[in-house]
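Colleague: What follows is a single structure, and I will ask about it in a moment.
Taken together, the values in this text are just the output of simple stated rules run on the coordinates, not laboratory data. Given the structure is predicted, the values throughout are model-derived calculations rather than measurements. As a convention, Cβ positions derive from the backbone with ideal geometry for all residues, glycine included, and neighbour counts pool all protein chains shown.
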Amino acid sequence: MEFINTVLGTPLGYIVFLAYRLTENYGLAILIFAVIVRLAVLFPINIIAHKNSIRLLSLQPGLSIIKRRYAGDKEQLNEAQYNLFKEERYSPFVGLIPLFAQLFLIIGIMQVVLNPMRHMHGINVNDIDFAFLGLDLLKIPSFANPSPELIMPLFSVGSALCFCLIQNGISPGALSQSKGTNLGMTLFTVALSLYLTLVLPVGVGLYWTTSNIVGIGVILLLNMMYDPKKLAPEALVYLDANRKTPEELKSERERKKQLKAREKQDVTRFVAAKKELVFYALTGGQYKYYKTVIEYILGNSDIVIHYLTNDPEDALFKQENPKLIPYYASQRKTISLMLKLDADIVVTTVPDLQSYHMKRSIVRERNDIEYIYLFHAPVSTTMQYTETAFDHFDTVFCIGDHHVAELRRREELTGLSQRKLIKAGYGLYDQLLEYYEALPRDSRNEKPRILIAPSWQKENLFETCIEGVLDAVLDHGYEIVVRPHPQFANLFPDRMEALIQKYSGYSETGEIVFEMEFASNDSIFTSDVLITDWSGIAYEFSYCTSRPCIFINTPQKIMNPNYKKYRIEPMELTIRNKVGVSIDPEDIKNKLGSTIRMLLDGEGLPKKQIEETLQQYLFYPGRSGEAGGKYIISRLESKGIAGQARNDGD
């Protein structure tokens, strides 16, 4: 305590002493002290914090994109936010400096008020009047012994509330935060103000009240000096456009309440059920990857499949097969469900088992649950996934030879035990080919149809050069279909709306069609040329139609920067120019038009080369569900689950 008094009490007490010498009034001395501290000590800090807050305000559109892009992936989200803050030189800690400085100063002023004579050098205590406006500045307010001093906590709370309300209305830091966060900070500040003025002398409350009042003026002055409306106008427009109405917030709360109740019911059913086989999906869209395997199991055994999904709108909830039981649980709840899971086999398309929210169960003493990974894309394991993505799975359903080679190389380099690598194929291709072959073949497009369908990864075609692509393709008599990735359309509706508005004239003439409904795949397989970036839609298009694609070489998403140490070229690099033509973004203007004409004229890559290339990377085309389904049935039989399999489908 002596150290605190020396470091804080002595210099602050000297300021109070000089102010008292000037006014001969202890209350006025505290008022002057509060003003000096606010303007001479805290104001420079407030300037730094205000500028930092404007920087944060200007980052809001970018932060919103990051939050939407990495929703559900906390590690990627934190890393992306950190990189953005570092790039824009924003520090989240700078905004806390004024608050901590105030609390630090409170300790010092407390020393001054509790021991005033220690700092009033050469002044007799009997000569000092500690009364101010009828209040004893040395007295601690008490509800047990009511006195006029109880008015000071009211002044302190009122000034703190006014300070917070004005700050929440115009401060760039508050504008960057949600109403809930601002409300929480307001409640904290008001509660702190009430507490301090109830346990400390009235002099501290006088300081705190004065500091809050002067602080209001400081906020107004800072907003005049560094106006957020001038320094971050686009961010303010963005926030206004995306601010939810009270009705929307009410509806959102009601929706969350309903989902919570539904989750409770489904989780109770899931925990109580006897489960041999569990499929787990993050989204409703993942069912298409499981479909052929699940249908084979249902058609060739009596096994009951328990399907856990994090999507309350999953279409599986509308089916009525008693052997396929869906359950809804949020990702947060899934963490505990997976840790306590009692089942024989778990199948998922979610990689990185043990690394993020999905952990192996700790319930079974034998640790004999078999975890099976099923791919949702034919891409390489070395570049498009984290390095440890498959290390903790017991079995992997491989799409092609490239997966087997890459996973075995991983085992060699790390000393991992050999996993079961099942030649399973890719069920989605089977479904798409069946869909494509059912399309009518009796007519050609009236004019060439050009489909633009990129990925939604960072720096995809829509984020980098879509205008250049459209400008190079327009006015050539083509029908242009722009089909964004569904995830991109959902996460960035403002970007799509701006694009639609920019090319609205061409939409009116029918030259451009923006396809925002994704239930049908007709436009994919009836197009003559596909333009994409690194999207897997290229392989789907070429696999079904045997037509080549045009790849725009946007920056590639690389999840594992160490992929070269495996000395296996990723398949997406190997086959890129075997099933299509690549164009760098800077060459779009000069090369894209002529490349399209070349492909429409039938020149370029032969159909047979495309077919043979894709077949090299695919096991059991047309029979992928059978391979995966048979394996699961046989494994459950070997685990002693009798009476499940039927021979009629083998």
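Colleague: From the convex hull of the Cα coordinates of segment 16-89, what is the mean projected area in square nanometres? Display every interim value, and only then the final one.
Modeller: Working: hull surface 28.6 nm².
Convex hull of Cα atoms, orientation-averaged projection: 7.1 nm².
Colleague: Give me Thr189, Thr414 ranked fewest to most by other Cβ atoms within 10 Å of their Cβ, as a rough exposure proxy. Don't jump to the answer; show the numbers that get you there.
Modeller: Details: Thr189 19, Thr414 10.
Going from sparsest to densest Cβ surroundings: Thr414, Thr189.
Colleague: Moving on to the next point. Computed FRET efficiency, Cβ-Cβ of Glu24 and Leu133, R0 22 Å: what is it to the nearest 0.05? Present the calculation step by step, with values, prior to reporting the outcome.
Modeller: Working: r = 16 Å, r/R0 = 0.72.
The pair Glu24/Leu133 has a calculated efficiency of 0.90.
Colleague: Kindly state, to the nearest 0.05, the FRET efficiency for Ile45 paired with Ser147, given R0 = 60 Å and r defined as their beta-carbon distance.
Modeller: Working: r = 36 Å, r/R0 = 0.60.
Plugging the Cβ-Cβ distance into 1/(1 + (r/R0)^6) gives 0.95.
Colleague: Here's another thing I want to ask about it. For a Förster distance of 51 Å, can you work out the FRET efficiency between the beta-carbons of Leu198 and Glu459, rounded to the nearest 0.05?
Modeller: Working: r = 56 Å, r/R0 = 1.09.
The pair Leu198/Glu459 has a calculated efficiency of 0.40.
Colleague: Looking at Met496, Ile213, His50, which one has the Cα that reaches farthest to the positive end of the dipole of the chain (charges on Cβ: Lys, Arg +1; Asp, Glu -1)?
Modeller: It is Ile213.
Colleague: A further question follows. What does the convex hull of the Cα atoms come to per residue for segment 2-242, in Å³?
Modeller: Details: hull volume 36.1 nm³, N = 241.
Dividing the Cα hull volume of segment 2-242 by its residue count gives 150 Å³.
Colleague: Expressed as a fraction of 2.2 N^0.38 Å, the rule-of-thumb size for a compact globular protein of N residues, what is the C-alpha radius of gyration of segment 156-236? Kindly include the intermediate steps, with their values, before the conclusion.
Modeller: Numbers: Rg = 14.1 Å, N = 81, 2.2 N^0.38 = 11.7 Å.
Here the Cα radius of gyration is 1.21 times the empirical estimate.
Colleague: With 10 angstrom as the radius, rank Glu540, Glu248, Glu406 by how many other C-beta atoms surround their C-beta, starting from the fewest.
Modeller: Numbers: Glu540 24, Glu248 10, Glu406 21.
Going from least to most buried by this count: Glu248, Glu406, Glu540.
Colleague: To continue, here is another question. By the gyration tensor of its Cα atoms, with a ≥ b ≥ c the square roots of the eigenvalues, what is the shape of segment 420-536: rounded for a/c under 1.5, prolate for a/b over b/c, or oblate? Walk me through the numbers on the way to the answer.
Modeller: Working: a/c = 2.18, a/b = 1.29, b/c = 1.69.
Here segment 420-536 falls in the oblate category.
Colleague: A further question follows. Determine, for each peptide in 451-460, 589-598, the mean count of other beta carbons within 10 angstrom over its residues, then list the peptides with the highest first. Numbers along the way, then the final one.
Modeller: Numbers: 451-460: 21.6, 589-598: 15.3.
Top to bottom by mean Cβ count within 10 Å: 451-460, 589-598.
Colleague: Show me the ranking of peptides 256-262, 375-381, 475-481 by mean Cβ neighbours inside 10 Å, starting with the highest.
Modeller: Values: 256-262: 11.4, 375-381: 22.7, 475-481: 16.3.
Output ranking for 256-262, 375-381, 475-481: 375-381, 475-481, 256-262.
Colleague: For helix 427-437, report the angle its Cα long axis makes with the longest principal axis of the Cα atoms of the chain; keep it between 0 and 90° and round to the nearest 10°.
Modeller: That helix lies at roughly 60 degrees to the long axis.
Colleague: For Cα pairs less than 8 Å apart in space and 6+ apart in sequence, what is the mean separation divided by the residue count of segment 2-242, i.e. the relative contact order in percent? Let's see the in-between values first.
Modeller: Values: 254 pairs, mean separation 72.5, N = 241.
Relative contact order of segment 2-242: 30 percent.
Colleague: For segment 17-97, which chymotrypsin sites (Phe, Trp or Tyr not before Pro) are both in a DSSP coil and crowded by at most 13 other Cβ atoms within 10 Å?
Modeller: Sparse-neighbourhood loop chymotrypsin sites (Phe, Trp or Tyr not before Pro): Phe93.
Colleague: Which value results for Rg/Rh of segment 447-615 when Rg is the Cα radius of gyration and Rh the Kirkwood radius based on the inverse mean 1/r? Present the calculation step by step, with values, prior to reporting the outcome.
Modeller: Working: Rg = 15.8 Å, Rh = 16.5 Å.
The Rg/Rh ratio comes out at 0.96.
Colleague: Most exposed first by the Cβ proxy, i.e. fewest other Cβ within 10 Å, how do Cys162, Cys544, Cys549 rank? Please report the intermediate quantities before stating the final value.
Modeller: Values: Cys162 14, Cys544 20, Cys549 25.
Lowest to highest Cβ neighbour count: Cys162, Cys544, Cys549.
Colleague: Collect residues whose amide H, placed 1.01 Å from N in the peptide plane, falls under 5 Å from the amide H of Val513; neighbours closer than 5 in sequence don't count.
Modeller: Ile480, Val481, Val482
Colleague: Between Glu87 and Lys607, what length in nm is gained on full extension when 0.36 nm per residue of separation is reduced by their alpha carbon distance? Walk me through the intermediate numbers first.
Modeller: Numbers: separation 520, 0.36 × 520 = 187.20 nm, distance 4.66 nm.
Gain on stretching Glu87 to Lys607: 182.5 nm.
Colleague: Out of all Cα-Cα pairs in segment 142-278, roughly what percent, to the nearest whole number, are more than 23 Å apart? Walk me through the intermediate numbers first.
Modeller: Working: 5366 of 9316 pairs.
It works out to 58 percent of all Cα pairs.
Colleague: Nearest 10 degrees, 0 to 90: what angle lies between the long axis of helix 60-69 and the longest principal axis of the chain (Cα atoms)?
Modeller: On a 0 to 90 degree scale, this one is about 40.
Colleague: Quick one: helix 624-638 against the long Cα principal axis of the chain, what's the angle to the nearest 10°, folded into 0 to 90?
Modeller: 80
Colleague: Quick one: Cα centre-to-centre distance for segment 39-74 and segment 494-540, in angstrom?
Modeller: Cα centroid of segment 39-74 versus Cα centroid of segment 494-540: 36 Å apart.
Colleague: Additional query: Tell me, in nm to one decimal, what length is gained between Lys502 and Asn321 on full extension, where the rule is 0.36 nm per residue of separation less the Cα-Cα distance?
Modeller: On the way: separation 181, 0.36 × 181 = 65.16 nm, distance 4.70 nm.
Once the chain is fully extended between Lys502 and Asn321, it gains 60.5 nm.
Colleague: Which of the aspartates and glutamates could be linked to Lys565 by a straight reach, that is with a Cα gap under 18 Å, when you skip same-chain ones fewer than 8 residues away?
Modeller: Qualifying aspartates and glutamates at Cα under 18 Å: Glu387, Asp391, Glu406, Glu411, Glu412.
Colleague: Given the pairs Lys86/Lys230; Lys179/Lys318; Lys179/Lys230; Lys74/Lys260; Lys256/Lys502, which span a C-alpha to C-alpha distance of over 27 angstrom in this model?
Modeller: Cα-Cα > 27 Å for Lys179/Lys318; Lys256/Lys502; rest within.
Colleague: Suppose a student asked you for the relative contact order of the chain, using Cα pairs under 8 Å spaced at least 6 residues apart; what percent would you report? The partial results should precede the final answer.
Modeller: Details: 925 pairs, mean separation 78.8, N = 650.
12 percent.
Colleague: Tell me the net charge near Thr382. Cut-off is 12 Å between Cβ atoms, Thr382 excluded, with +1 for each Lys or Arg and -1 for each Asp or Glu.
Modeller: On the way: positive: Arg408, Arg409, Arg410, Lys564, Lys565, Arg567; negative: Glu387, Glu406, Glu569, Glu572.
After counting each charged neighbour, the total is +2.
Colleague: So who's got an amide H within less than 5 Å of the one on Leu353, skipping anything under 5 residues away but keeping other chains? H placed 1.01 Å off N, in plane.
Modeller: Amide H neighbours of Leu353: His392.
Colleague: How big is the shadow of the Cα convex hull of segment 354-425, averaged over all directions, in nm²?
Modeller: Working: hull surface 20.6 nm².
The Cα convex hull of segment 354-425, projected and averaged over all directions, gives 5.1 nm².
Colleague: With labels modelled as points extended 7 Å from the Cα through the Cβ direction, what inter-label distance (nm, one decimal) is found for Tyr226 paired with Gln76?
Modeller: 3.4
Colleague: Mind sorting out which of (1) 53; (2) 60; (3) 64 is the real percent of Cα pairs over 32 Å apart computed from the coordinates?
Modeller: Label of the calculated value: (3).
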